[in-house]
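First comes the structure, then the notes that go with it.
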Amino acid sequence: MSKQLNSVPSTDASTPSQPSTYFETAEPPFFAAEFDYFRLPAERWSLLLTRLRQMGCQIVSVGVPWLWHEIEPGQVDLTGASSPRRNLAGLLKLCRALQLTCLIDLGPLTERGLLNNGLPLWLSEETRAEAVERWLRAVSQPLVDAQWPNGPVVALQIDPHLFQPPQPTVNAHLVEVKWPIWLRKKYGSVEALNAAYGTAYTTISRVEFPQPQVERKPTSPAEVDAQTFLATQRRENQTNQQQLLRELGWQVPLLSSPADQDSLPRVHNLTISELSELKRGQVIYNLQQPVQADPDPSDIGTQPVWARHAPIQTDGSVRRTFYLARHAIWPFQISTAQVEDQLLSASIDNGGLLSGSQDSGIRLPLPPGSKPTPYRLRLTGELLVDTALKPARSKLSGFYLLEDEVAQNDLVLWLNDPTAGLDGFPGEYLGLLLAAQAFSLAHSATMADSLSHSLAVEPEASKPRPAPAKPAVSTYTLDEARRGLREADAALRKALRSVGGLQAGFETILGRREPEAAAAAQPPVVVTPAIFEGAARDALIEAGQVCAKIGPDLQATAEALQSLRSARFSLKEYQEGYSTAIATAATVRTRLLAVIAGLRIKIASEQLPLVAWRVLDQVQMIAEELRWGVERG
C-alpha cells in the first residue's frame with residue numbers, strides 16, 4: 001500500500017535471490033522528478049527533496065553539468081571543496097537517507113536552461129574524446145560506490161552526443177585515417193569502389209570525403225557512403241563509451257544502451273500539466289521542472305528564474321499544482337486512494353487520510369460507530385489535532401484548510417486509536433519527515449565539530465612560554481606573520497572601499513568567483529586563531545567553543561530521531577520527536593546568531609581582519625542548515 005516509501009533496498013548483493021536491477025524490486029510505474037541541485041542552495045536540498053517525497057516521487061533525476069564540476073581542464077570538484085552546490089557526493093548521501101533513488105544523467109543536459117547545455121566552455125572538438133574520457137573517469141570514481149544495491153544510484157544516462165555531437169566535425173583524422181579504412185572494409189579493392197562510384201581512383205586513400213549534407217538527402221554513392229560512415233562512427237563511439245563505463249565499475253543499467261533499454265521501463269518526460277495522462281505500465285514518469293530556482297544562479301543558468309511555475313518554490317512552499325500532482329501519483333501507490341472534487345481520500349490502517357488541493361467543506365463516511373481523532377499535518381511536519389473537523393453520526397464533517405494562520409498544510413490523518421503504534425503509510429510517511437530532520441541535525445553537528453577543531457587554540461597566555469635561549473625565533477616568526485596579515489587586510493579594505501563595498505571582497509575571500517575567473521577547485525580556506533592576537537584571537541576561540549558545545553546536542557537529537565524512526569512509534573511519540581528537533585534547532589540557532597552578530601561587528605569595525613569572514617560563513621552555513629532542514633523555513 002505504501003511501496004513508494006521503500007526506495008533503497010538494503011539487501012546484500014551476495015544474496016542469491018537479489019534482483020539484477022532496482023526496477024525488479026517494485027511494481028511500476030515509477031515516479032521520478034528532476035532535481036537541479038546546482039541551482040539551489042545546499043542548505044535547502046534536504047527540504048526540497050522532502051517536498052518531492054511528499055508529492056509522491058520515488059526517484060530523482062540528477063543531471064550532472066560537466067561545466068559546473070570541471071571549470072578548468074583536469075580540475076574536478078564533486079565534494080563541495082569550491083562551493084557547497086558542487087557537493088554531489090553529499091547529495092547522494094542525503095538521497096539515501098531520504099530513501100530516494102537516483103537516475104544520474106551525465107549530459108549533455110539540453111533544454112535545462114544551462115550555459116552551453118552543461119558542457120565546459122573550454123571544450124574543443126579536437127580534444128573532445130580525450131576530455132570526455134577524463135571527465136567520465138573523474139566523475140565515476142566517487143559515484144560508483146553509491147550505485148544500487150548499496151547506494152541510491154539505480155541507472156546511468158549519457159547522451160551518445162557527449163563523445164561526439166549530432167553532426168560530428170569532419171577533422172583530418174576522420175577523413176585521412178578512418179574514412180579510407182572503412183572504404184577498404186566495404187569494397188575490398190579500389191577497382192570495386194571505382195565500379196560503384198563510376199570513378200578512376202588509383203588508390204582508396206585518394207577518395208575524397210564529401211561534406212555531410214544537412215538540408216538534402218545524399219544523392220551520389222559517395223555521399224550515401226559518407227552518411228553511413230558517420231552513423232557508424234557514432235555507434236562505435238557509443239559502444240566505446242559504454243565499454244569504458246563498465247570498465248570504470250558501473251553495473252547499473254545504462255539508459256542509453258539499446259540492450260539495457262529492452263529490459264528497462266521506458267522514461268517518459270512530462271510536465272506538471274500532463275500528469276492527468278498517467279497510466280499503469282513499464283514506465284518511469286519523469287516530472288520536469290518541479291522545483292523553482294529564484295534566482296537562477298548566473299554561474300550556471302541562462303535565465304534570472306528557472307521553473308517559474310514549478311509546484312515547489314525555492315523556499316519550500318508549494319503551489320496548488322503540488323497537490324494536483326500528488327493526487328495524480330498517489331492512487332498508483334495507495335490502493336484505496338480515491339480522488340473526487342479536488343480531494344484525495346484513502347482508508348489506511350487504523351483510520352484514513354485526506355489531501356486537498358483547495359479549501360473545501362467535507363463530509364466523509366466513517367465506519368459505523370467509529371469516532372476517530374482527526375490530526376492536521378502541516379508541511380513543516382508539525383502535527384496537531386484538527387479542531388475544524390468533527391466525527392459524528394458515521395461522518396467526518398467540517399472544513400479542510402489548505403493553509404492556516406501559521407503554515408501550509410500537508411494532509412489530514414484520522415486515527416481510531418491515536419496511542420497505537422503507526423503501521424503502513426502513516427508510519428512510513430511521518431518517519432520520512434523525521435529522517436530528513438535527523439540528517440540535517442547530524443550534518444550540522446559534523447560541520448560544527450569540524451569548525452570547533454579548526455578554532456580549538458588555547459589563549460596565548462595559557463601556553464608554556466618558550467625557553468629563554470630561543471625567544472627570538474618563534475616571536476619573530478609570529479610577529480612577522482601578524483604584521484603581514486595586518487598590512488594585507490589594510491590593503492584589501494582600501495581596495496574594497498575604492499570599488500564601493502565589502503561584499504565583493506567577502507566573495508573573493510570565500511573563493512566564490514565567476515566561472516570565467518574561477519580558480520581550480522581547492523579545499524576550503526581554514527582559518528585558525530593561532531596567527532591572531534588580542535580581541536581577534538579571543539573572538540575566534542569563543543566561536544569555536546560555541547561550536548564544540550552545540551555539536552554533541554545536535555548529534556544526540558539526530559540519533560534520537562533515527563532511533564524513534566526505526567521503531568513502531570505512535571503519533572504522540574512523533575510529536576515529541578518533532579518538538580525536540582525543533583527546540584534543539586531553535587536553541588542552537590539562537591547561539592549561532594549571537595556568534596554571527598559578534599563576528600560581523602568585529603569585522604566591520606576592523607577588530608577582525610576580512611579573512612575571518614570565512615569563519616563567519618561557516619557559522620552561517622550551520623545556522624541555515626538548521627533553519628531549512630529542521631525548522632523548514
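Every number here is computed from the coordinates shown, using simple stated rules; none is lab data. Treat the numbers as computed from the prediction; the structure is a model and nothing was measured. Positions of Cβ are generated from backbone atoms using ideal geometry, with glycine treated the same way; all protein chains shown enter the neighbour counts.
Listed values, structure above:
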item: Net length gained if the chain between residue 194 and residue 370 were fully extended (0.36 nm per residue, minus Cα distance); result: 54.4 nm
item: Spin-label model distance (nm) - residue 240 vs residue 407, 7 Å beyond Cα toward Cβ; result: 5.4
item: Amide H contacts of residue 60 (H built 1.01 Å from N, under 5 Å, at least 5 apart or other chain); result: 33, 101, 102, 103
item: Alpha-carbon centroid distance for the pair the range 104-131 / the range 319-337, whole angstrom; result: 36
item: Prolate/oblate/rounded call for the range 272-377, Cα gyration tensor, a/c under 1.5 rounded; result: prolate
item: Filter on 93/572; 371/572; 178/217 - keep pairs with C-alpha separation over 26 Å; result: 93/572
item: For the range 539-632: rounded, prolate or oblate by the Cα gyration tensor [a/c cutoff 1.5]; result: prolate
item: Added length on full extension, which subtracts the Cα-Cα distance from 0.36 nm per residue, residue 232 to residue 184; result: 15.8 nm
item: Amide hydrogen neighbours beyond the local backbone of residue 269, cut-off 5 Å, H modeled; result: 286
item: FRET efficiency estimate (nearest 0.05) - Cβ-Cβ, residue 305 to residue 363, R0 51 angstrom; result: 0.80
item: Label-to-label distance, nm, for residues given as residue 347 and residue 449 (7 Å Cα→Cβ offset); result: 4.8
item: Under-5 Å amide H pairs with residue 395, H placed in peptide plane, nonlocal only; result: 366
item: Among 619-626, 351-358, 433-440, 388-395, the order from most to least packed when residues are scored by Cβ within 10 Å on average; result: 433-440, 619-626, 351-358, 388-395
item: Distance between modelled label sites at residue 202 and residue 81, nm, 7 Å Cα→Cβ extension; result: 5.7
item: Karplus 3J(HN,Hα) series, Hz, for the range 443-452 with 6.51 cos²θ - 1.76 cosθ + 1.60 (x for Gly, Pro); result: 5, 5, 5, 5, 5, 5, 5, 4, 5, 5
item: Reachable aspartates and glutamates, given that their alpha-carbon falls under 20 Å from the alpha-carbon of residue 186 and they are not under 8 places away in the same chain; result: 176, 208, 223, 225, 236
item: HN-Hα J in Hz across the range 308-318 - Karplus 6.51, -1.76, 1.60, θ = phi - 60°, x for Gly and Pro; result: 4, 10, 4, x, 10, 8, 4, 8, x, 6, 10
